[in-house]
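The next block holds one structure in the form of structure tokens; read it before the comments.
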Amino acid sequence: MYYSLFFVSVIITLGAQIYVNSSYSKYSKVKTNHEETGEEVARRILDTAGLDDVVVFETSGLLSDHYDPRQKAVFLSSSNFNGTSIASVAVAAHECGHAIQHRDKYLFMNVRAALVPFVNISSYAGYFAILLGCLFGAINLIWIGILAECVILLFQVITLPVEFNASSRALIVLEKDNYLTKKELKGGKTVLTAAALTYVASVATTLIEVFRLILLFGGRRND
């Protein structure tokens, strides 16, 4: 069962990644009627929302788009910053959705931000504690490592409503303010849904990993 769970987690991760890549690739080739770039759409959405203090930057990497609440900045990958495709517009609107969440002090976004320091520690300390526990036969240390993995799982679970809500806000704005036609909106929804599923996949794989660790070490005791 231990190895079966490992392969299931690999399949889930690969499946989600293939789906998001194929969806993005498809709609990154379809230009919108308005032919506005992702940067232009993001700027207009932010200004309409009264967020003229939020800046829009171009960043390197594929699908490296994100919103940084500390800098109050939307970062769009080059293909989306300069692109005029359905995918570019949808992703830009999604990141603006995060900026609007920040303005509105969206509960789950605040909780996720509060967990970031603990997650940063857990991501390094978790498997290190498990490794040391295995080397020295210290089951208590192993359980500390498993607990650290649970902190990461909690962070990922809280991330889900943050991402789904940002996509929901994006789709409402894209339709209401006519950034996309009804036909184009279907493509935008596909891109954002595919992206959201990667977060669902992350939750599933981390949950499986925690379960695997419990199966592996749950029956052991300190000597």
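The values are calculated or read from the model by the stated rules, or taken from the named source; none is laboratory data. Computed from a predicted model, the values in this text were never measured in an experiment. Because the Cβ atoms are built from the backbone with ideal geometry, glycine has one as well, and the counts that use them run over all protein chains shown. We work out accessible area using only protein heavy atoms, side chains counted, and drop any ligands, DNA or RNA first. Shrake-Rupley method; radii C 1.70, N 1.55, O 1.52, S 1.80 Å.
If you place +1 on the Cβ of every Lys and Arg, -1 on the Cβ of every Asp and Glu, and leave all else neutral, what size is the dipole of the chain about its Cα centre, to the nearest 20 Debye? All intermediate terms of the calculation are to be shown ahead of the outcome.
On the way: 19 positive and 19 negative charges, 114 e Å.
So the dipole magnitude of the chain works out to roughly 540 debye.
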Q: Could you give the C-alpha radius of gyration of the stretch 105-214 expressed as a fraction of 2.2 N^0.38 Å, taking N as the number of residues it contains?
A: 1.42
Q | Table column - 3J(HN,Hα) (Hz), the stretch 204-217, Karplus curve with 6.51, -1.76, 1.60, x for Gly and Pro | A | 4, 5, 5, 4, 4, 5, 4, 5, 4, 5, 5, 4, 6, 10
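In percent, how large is the relative contact order of the stretch 1-127, given Cα pairs closer than 8 Å and 6 or more residues apart? Intermediate results must be reported in sequence, preceding the final value.
Numbers: 145 pairs, mean separation 31.0, N = 127.
Relative contact order of the stretch 1-127: 24 percent.
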Q. In whole percent, what relative contact order does the stretch 88-180 give with Cα contacts below 8 Å and a gap of six or more residues?
A. 41
(Q) With a 1.4 Å probe and all protein chains kept in place, how much accessible area does residue 39 have, in Å² rounded to the nearest 10? (A) 50
Q) If you find the alpha carbon centre of the stretch 64-84 and of the stretch 1-59, how far apart are they in angstrom? A) 10
Q: Mind checking the stretch 24-92 for trypsin sites (Lys or Arg not before Pro) that DSSP puts in a loop (not H, G, I, E or B) and that have at most 11 other Cβ atoms within 10 Å?
A: 29, 70
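Please state, to two decimals, what the Cα-based radius of gyration of the stretch 29-174 comes to when divided by 2.2 N^0.38 Å (N = residues). Let's see the in-between values first.
Working: Rg = 19.0 Å, N = 146, 2.2 N^0.38 = 14.6 Å.
Scaled against compact globular proteins, the figure is 1.30.
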**Q.** Rough spin-label spacing in nm, given labels placed 7 Å along Cα→Cβ, for residue 26 and residue 136
**A.** 5.3
Q: Heavy atoms only, probe 1.4 Å: what % of the accessible area of the stretch 88-223 goes to carbon and sulfur, would you let me know?
A: 68
Q. Any idea of residue 18's accessible area? Nearest 10 Å², probe 1.4 Å.
A. 110
**Q.** Backbone HN-Hα couplings from phi across the stretch 69-74 [Karplus 6.51/-1.76/1.60, Hz, Gly and Pro as x]
**A.** x, 5, 8, 6, 9, 9
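Defining a contact as two alpha carbons under 8 Å apart and six or more residues distant in sequence, what relative contact order in percent does the stretch 126-218 show?
Details: 59 pairs, mean separation 27.7, N = 93.
For the stretch 126-218, the relative contact order is 30 percent.
To the nearest 0.05, what FRET efficiency results for residue 34 and residue 62 with a Förster distance of 30 Å applied to their C-beta separation? Walk me through the intermediate numbers first.
Numbers: r = 24 Å, r/R0 = 0.80.
So, using R0 = 30 Å, E works out to roughly 0.80.
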**Q.** Cα lying deepest toward the dipole's positive end in the chain, options 203, 77, 162, charges on Cβ
**A.** 203
Q: Using the heavy atoms of the protein chains and a 1.4 angstrom probe, tell me the accessible area per residue for the chain in square angstrom.
A: 54
